[in-house]
Each structure stands twice: as structure tokens, then as C-alpha cells.
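The values are calculated or read from the model by the stated rules, or taken from the named source; none is laboratory data. All figures in this text were calculated on a predicted structure; none of them were measured in a lab. As a convention, Cβ positions derive from the backbone with ideal geometry for all residues, glycine included, and neighbour counts pool all protein chains shown. Accessible surface is based on the protein model in full, side chains and every heavy atom, while ligands, DNA and RNA are left aside. Shrake-Rupley method; radii C 1.70, N 1.55, O 1.52, S 1.80 Å.
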Amino acid sequence: MSEVVHSRSVTRRQSGILSGSVNDLKTRLKSGDLRVAVVGLGRIGLPTAAVFADGGASVTGIDIRREVVEATNSGKCSFTDEPGLPELVRRNVGRRRLRATFDPADAIESADFVIICVPTPIDQAKAPDYSAVMAAAKTTGASLRKGGIVIVESTIGPGIAEEMILPIIEEKSGMKVGVDFGLASCPERSDPGNIVANMRSVPRIVGSTAPKCTELVAALYESALGVKVIKASNPKTANAIKLTENLYRDVNIALANEFALLFEEFGIDTVEVIKACATKYNFMPHYPGTGVGGPCLPSNSYYLIVEGLKAGNIPYLIRLAREINDRMPDHVVELVSEALNDVGKTVRGSKVAVLGVAYKPGVKDIQLSPVERVVGRLASMGASISLYDPMFIGENVFGIPVCRSLEEASRDADCVVVGTAHKEFETLDLRRLAKSTSKKAAFVDARNVADPKEAAGLGFSYRGVGRKFV
Ligand code: SAJ
């Protein structure tokens, strides 16, 4: 790099990315000179750091967990259920594009972009817990350099960026947004279990407090990740877009669950109905089941509900959808009780084998998994529980050791419950299962992976969510 360009880019870096142009950004990305700090190396933060490093940036990840920092710096990654991520971390640590630290200042003071990817769970009262985001804002503000840009990828309520995060960064840095630093919301839109591919394909939403900042952040995601970027009017709009897509899903799943509860009474196969509806161009199929789990859908609604209530607007539908989805695990317990009664048994004293504990197929994650409530209720009603989940073999989940095989879990079981539709269960061998369970056994398919007629034909007392043919 010639002296002139070098001195110009050093001065540019000294004066920060905000004062540079989109071309400067692209030049510096190409030369490996663009610095990105990622706050939080969890299921979103670590892949974010890795894809930006792989895209040419010099990335430093920050995490308060020493073991995560050490593992990352030795090229290791615990998210073995994220295809492509372990290799990406190993490769980019290997070529010194990615490193981790638990000293935030070390990473932030030289960063052009600081990306905040910390969790935003809900608390016992179902209120959003923004403490990690606020702490990240403080840490960032304390070391942010002039001309740096802060990007919030964590899912937050509309207005939280402008009204809570911005003042903290201004107060901690002594700088002014839009003048001395930039602030943007670019909510993550990645599907756990498929995050790396999503981060390189799903368009991103960017909304910031200043058009120049929006331009630069958009250029960062386009150039480094190769994705399309939709520019939103401001951070609160970007956050509203993220919540809208997740709440749209939660409400539609609630509708599918409501249809299931109705059609069970009419002896109609809800899965047959939804599959047929899905042949219509504008019908987006969602399926009933054990309930809605994970770090996103069960909590995201409350970010909007809380802001709505503050504004004197009660989001009835969104709230009701949460209630319907939260009731599904109890409905599964009712189906288990009914199905056992049909073979002259009760929950008390029965062995119930639960297949699948993860909140959704293909992930090693039990955050807010609806299966936990099913297991807890059945155990409290006096059933003995055995668990099998291919993602947790040999581990303890919900305080119960996970069996090494489906056979081991279902041996002499009075009832088998499918809690999660892992791939392995889509080809469940019901004939073999019937041989390992007790003679008169129930089969409750809470994820409708198996054929009801085959199950009933094999002598199981069968129930599915939205499929009750008695
Ligand atoms: N579920 C159903 N029926 C369905 C679909 C899902 O009961 O028809 C259940 C799943 O079993 C699971 C829960 O809902 O328990 C959530 O499933 P999900 O597929 O929505 O998975 P998440 O929560 O891991 O990912 C969602 C995704 N959001 C949308 O698809 C709108 C993902 O794209 C987001 O990035 C993610 O939330 C997030 O991080 O916000």
C-alpha cells in the first residue's frame, strides 16, 4: 500500500468510519483494515463475528465468559448444531482475522463498527429484560472512538435504541450521535440451526438516526456478507420490522393451534386441512404442536405488548396468541391422560417416554422449550419419565438423564410422546416402537410426525395435536 494511501487511510481511521465514504469502507474492507468489534459471542454473536471476518473485516469478539473467549481463540465453537460455523471460526482464527477478548476496551477503542449481539430475554413478569443491552451500551460508550458506528443486532422494542441505548452511549462517551458517532439498528434475522447460511442470504434491515450512517452500515453488510439491505426510516422502524415478522409467525402458529383444538372436536385431521390450504397461493402454512419455544417468539411479543400498553394501546391479538400457544403443553398433557385412559391406564404410575426436548427440530437448545412443561406436569401427576433426543444423548435435561437410544427410552413405556419433530422422528419405525413399549400403550404425536392410521393400526391408543379420531 503506497505511503500516500496508507497515511490517508490512517488519518481516515483516526477520524473514524463515519467521516469516510462508502468507497473508503470498501477499500479498507478489501485491504483487511476495517475493524469490527462484536459484543456477545452467543448463538448470534459468534456467527456474526465469523461471517464478518470471513468477509474481510478484522474482527474482535467480546464476551464476559472466559471459557467462550478461550475456546474461540483456540478456533473452537460450541454450536455444533450450526452447519458451517465451526469451520468458519477455525479458519478465521487461523488466518488471524478473528480473535476474542474479555477486555471490551481492547476491542472497542480501535473499532470502526461495534455490533451489539447480547440476549434480550423476558423476566418472570414477562417484561423485557434489557439489562445486557444496557450494559453493552455502557461498555461501548466508555471506549467508543470518535467516528465509530454502533450497530444493535439484539432484538429490542421499537424506540429502545433511540430512547434508552442512545442516551447511555452519549453520556458514557461524551460524544453526540450523528456528529461524533453513529447508531443503527440492524436486527438479526437468522434461523437458529441455519444461521451461517441465513446471514449470507437473508436481506438485512438497517435503520439509523442519520442517512450517512445508514449508508455506511448498509455498505458494510452488502460488502462483507453479500446480502441485500433494506434501509428503514430509523432504528425504531427497523426494530418494528423484526418484531412484526416474528409476531406474525407467533400469531399464525396460535391460529393453527386454535384450529387444532377445534378440529379435534369435529374429528377432522388438522394437518390434512393445513396441507390442503397450503396449495392456495396466499396461504402460509403453520402447524399446531407442543407449543412455541425458543429465545425469540415466546418473548418478542412482550417487547411490543409492553410498549403498546405504555402508549395506552392493548395489543389484544398478540397477547391472546401468546396465551393460546402457552396453553398447548397443557393440552398435550390432556391428550396423554385421555390416550392412557383409553387403554385403562392413568398418568399416575405410567412410564412416559418423551421423544425430543429441544424447542424445535435440529437445534441443541431447550430455551423456553414447551416440552419442559409437558415433562414437568406429567412428572407432577405421578408418571415416570424417560427422555430421548439425538441432540442431547447422555446429558441431563430438565433434571432427567437423556437415554442413549429411542429403544432404551421407550422400553416398556405405557405412553410415547413426540415432543419435537427432529429429522430422526420423521421416519419413526412405529412397528419397532410397538415391540418395545408395553402391550397396551398410548402414542401421543404432539408434532404430527407419524401416520395416525398406522399407529392406530398397530394397536396404539393414538392422539395427535389437531388429530383426534375416537
Ligand atoms: N412452531 C410451531 N409451528 C410452526 C412453526 C414453528 O409450533 O408452524 C414452533 C417451533 O417448534 C418452535 C417455535 O415455534 O418451538 C419457534 O420456531 P421458529 O421456527 O420460529 O424458530 P426460531 O424461534 O428459532 O426462529 C425465529 C425465526 N423467525 C421467523 O421465522 C419469523 C427466525 O427467522 C428468527 O431469526 C428468530 O426467530 C429470531 O432470532 O428472532
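Below is a table of values for the structure above.
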quantity	calculated
Residue list for region 97-115, filter: over 21 Å from L220 (Cα atoms) and either free of Cβ contacts under 8 Å to residues at least 24 places away in the same chain or assigned to a loop (DSSP other than H, G, I, E, B) (or both)	F102, D103
Enumerated strands (runs of 3 or more DSSP E) restricted to region 307-424, each holding at least 1 residues that are touching a residue at least 60 places away in the same chain (Cβ under 8 Å)	351-355, 415-418
Search result, residues across region 249-294 that are near the ligand (Cβ under 7 Å from one of its atoms) and among the aromatic types (F, W, Y)	Y287
Test: residue in region 388-407 that is away from the ligand (no atom under 16 Å from the Cβ), farther than 30 Å from I195 by Cα and among the polar types (S, T, N, Q)	no
Members of region 354-373 that are more than 10 Å from the ligand (Cβ to nearest atom), of a type in the set (A, V, I, L, M, F, W, C) and open to solvent by 50 Å² or more (accessible area, probe 1.4 Å)	I366
Yes/no for V59 being among the hydrophobic types (A, V, I, L, M, F, W, C) and in contact with a helix residue (DSSP H, G or I) (Cβ under 8 Å, 6 or more places away or on another chain)	yes
Residue check for V177: modelled with pLDDT of 95 or more, more than 16 Å from the ligand (Cβ to nearest atom) and crowded, with 22+ Cβ neighbours inside 10 Å	no
Neighbours by Cβ (under 7 Å, 6+ apart or cross-chain): first from region 276-299, part of a helix (DSSP H, G or I); second surrounded by 13 or more Cβ atoms within 10 Å (Cβ to Cβ)	C277/P285; L297/N246; L297/R249; L297/D250; P298/V292; P298/L368; S299/P121; S299/I122
Subset of region 146-167 (residues that are away from the ligand (no atom under 16 Å from the Cβ) and either hydroxyl-bearing (S, T, Y) or open to solvent by 30 Å² or more (accessible area, probe 1.4 Å) (or both))	K146, E162, E163, M164, P167
Scan of region 203-227 for residues that are open to solvent by 40 Å² or more (accessible area, probe 1.4 Å), without any contact (Cβ under 8 Å) to a residue 40 or more places away in the chain and either within 21 Å of the chain's Cα centre (by Cα) or under 20 Å from L243 (Cβ atoms) (or both), ordered by number	P203
Among (1) within 7 Å of the ligand (Cβ to nearest atom); (2) of a type outside the set (S, T, N, Q); (3) in contact with a Gly (Cβ under 9 Å, 6 or more places away or on another chain) - the single one L297 does not satisfy	(3)
Of all residues making up region 199-247, the number that are in a helix (DSSP H, G or I), away from the ligand (no atom under 16 Å from the Cβ) and out of contact with any Ser or Thr (no Cβ under 7 Å at 6 or more places or on another chain)	13
Enumeration of residues in region 457-470 that are closer than 16 Å to L335 by Cα and modelled with pLDDT of 95 or more	F460, S461, Y462, R463, G464, V465, G466, R467
